[in-house]
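All remarks here apply to the structure that follows.
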Amino acid sequence: MAGFLHNPRLTAGSLLVWLTATAALAHGVHADLLEGGTGVRARFDTGEPMAFADVKVFAPDAPNEAWLESTTDPEGRFVFVPPRPGVWRIAVDDGMGHALFRDIAVGADGHAHMDDDHHHHHHLHGLSAAIGGVGFILGLFGMWALFRQRPKKN
Amino acid sequence: MHISDGILSPPILAGGAVLAAAGVAQGLRKIRDDDIPKTALLTAAFFVTSLVHIPAGPTSVHLLLNGLIGILLGWAAFPALLIGLLFQSLLFGHGGLSVLGVHTATVGIPAVAFGLAWRRWAAAMPPPKAAGLAGLGAGLCVALTALFTATILVFSGSHWLTTAKAFLAAHAVLMAGEAFLTFFAVAFLLRVRPTLLLGEAK
């Protein structure tokens, strides 16, 4: 600590930081009401929201580095205001192996568009899918057993 | 453990696919004709249980059953899990097709490792102790799968801390649930049909 005080460059630097911080404190703060925005609502198949999941937003020109990191709200929603047009990517990750990403195309007029979630529209629902799948699986194994046993019998 | 397409990096996807392919090949070599009905039933059970959600903290988890599957199927767990995950992806949209190898590996490796070890140890144990070990192991299998998944997500840019916290909160519930379920299932089978579990231990 004493060494720190005796280093003139460090002392001057911290003085500058202190002055800047004080100057910033002297600024008033106020908020404007912001309406609209663009975002997603992330849900599990059951319709349950992906609440408090990690969200990363990737800007159109920098797809590898998160432009913003946040979390979904209790309803699984996340909204932001894209500062410029382009394809913005939102990744939602519940930290337990359930993760998704969606691309949102923002036009020059600020209007956003997201492709339909193919993964959900083309899938059967709940019970019928479950029964169908069980049927498929048992049938598949049945056929397999049949083919395996055939040469032995002859 | 359902990650969509496009989240994991290609090397991780390729690594998972290689591990899964090796496991499935070994499973297909080891499986006997008599095991096929059992494998079919467990594959169907695994496929359906991903629909059973247990609320846990802010989110929910679903049953995994990989410990029980490992004990009952041994190496055959790999093809069983691959087929179950494939149909979950195709019919429910749970997890992407490109992630199939990674999922099979993260769920299957703990299952098979523990299943093979359990068969060796349980043969020399009194049934209640063997069932208790099965329950503990099933909890451990869930933990390992969650840990593998969390690690893979970290390599793909997820936050380790958030992941670990959520992992602890939600998977503790699932670990306990799976441990109980596996304990009762194995205790029941040891009493009713021990050959189903230990028949092919040789």
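Under a Cβ-only charge scheme (Lys and Arg +1, Asp and Glu -1), can you give me the dipole magnitude of chain B about the Cα centre, in debye to the nearest 20?
520 debye
So for the pair residue B:21, residue A:146, with labels modelled 7 Å out along Cα→Cβ, what separation do we get in nm?
3.0 nm
Could you tell me how many degrees, from 0 to 90 and to the nearest 10, lie between the Cα long axis of helix B:160-192 and the main elongation axis, the longest principal axis, of the Cα atoms of chain B?
The two axes meet at around 20 degrees.
Can you tell which of B:156, B:89, B:50 shows the greatest fluctuation in a Gaussian network model of chain B with Cα springs below 10 Å?
Taking springs between Cα atoms under 10 Å, the residue moving most is B:156.
222 nm [θ] for chain B, helices only, -39500 (n - 2.57) per DSSP H run of 4+, per residue, to 500?
So the calculated ellipticity at 222 nm is -24000 deg cm²/dmol.
Taking the Cα atoms only, what angle lies between the long axis of helix B:100-122 and the longest principal axis of chain B, rounded to 10 degrees?
So the helix axis and the longest Cα principal axis differ by about 30 degrees.
Just B:108, B:15, B:84 to compare: in a GNM of chain B, with alpha carbon springs under 10 Å, which one fluctuates most?
Highest fluctuation of the listed residues: B:15.
Cut-off 10 angstrom, C-alpha nodes, Gaussian network model of chain B. Which of B:13, B:81, B:68 fluctuates the most?
For chain B, modelled as a Gaussian network with Cα springs under 10 Å, the answer is B:13.
Which distance in Å, rounded to a whole number, links the C-alpha centroids of the range B:86-137 and the range B:5-50?
Value for the Cα centre distance between the two parts: 10 Å.
Send over the Kirkwood Rh of the range B:1-144, from the inverse of the averaged 1/r over different Cα pairs, rounded to one decimal Å.
Numbers: mean 1/r = 0.0646 Å⁻¹.
The Cα-based Kirkwood calculation yields 15.5 Å.
The numbers here are math on the coordinates, done by the rules we state, and not lab data. Quick caveat: nothing in here was measured; it's all calculated off a predicted structure. No Cβ is skipped: glycine too gets one built from the backbone with ideal geometry, and neighbour counts run over all protein chains shown.
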